[in-house]
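The values are calculated or read from the model by the stated rules, or taken from the named source; none is laboratory data. All values reported here derive from a predicted model rather than from experimental measurement. A quick note on method: Cβ atoms are made from the backbone with ideal geometry, for glycine too, and the neighbour counts reach across all protein chains shown.
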Amino acid sequence: MTAADTYALCLLLALACTAQIARLQQQVDDLTHERDAARRTVEQQQTDHTNWRLQHGPRHPRETQ
């Protein structure tokens, strides 16, 4: 293998690595978006639950002694 062959191979590998890095970054971005959406959903559910509790009180009121 000549130096030119080695150089050409390195360029091809660099292009392949760059493409793979771009795909992985897109996957990270997608997962980050999904995580953030899930977090917002949970926060909204917690808020809704808290608001419901404030409006309706506990499910099983405790007896006062």
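Assess whether Thr2 counts as being at pLDDT 95 or above and either out of contact with any Pro (no Cβ under 8 Å at 6 or more places or on another chain) or of a type in the set (Ser, Thr, Tyr) (or both).
yes
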From the options Arg53, Arg35, residue that is surrounded by 10 or more Cβ atoms within 10 Å (Cβ to Cβ), in a helix (DSSP H, G or I), of a type in the set (Lys, Arg) and at pLDDT 95 or above: Arg35
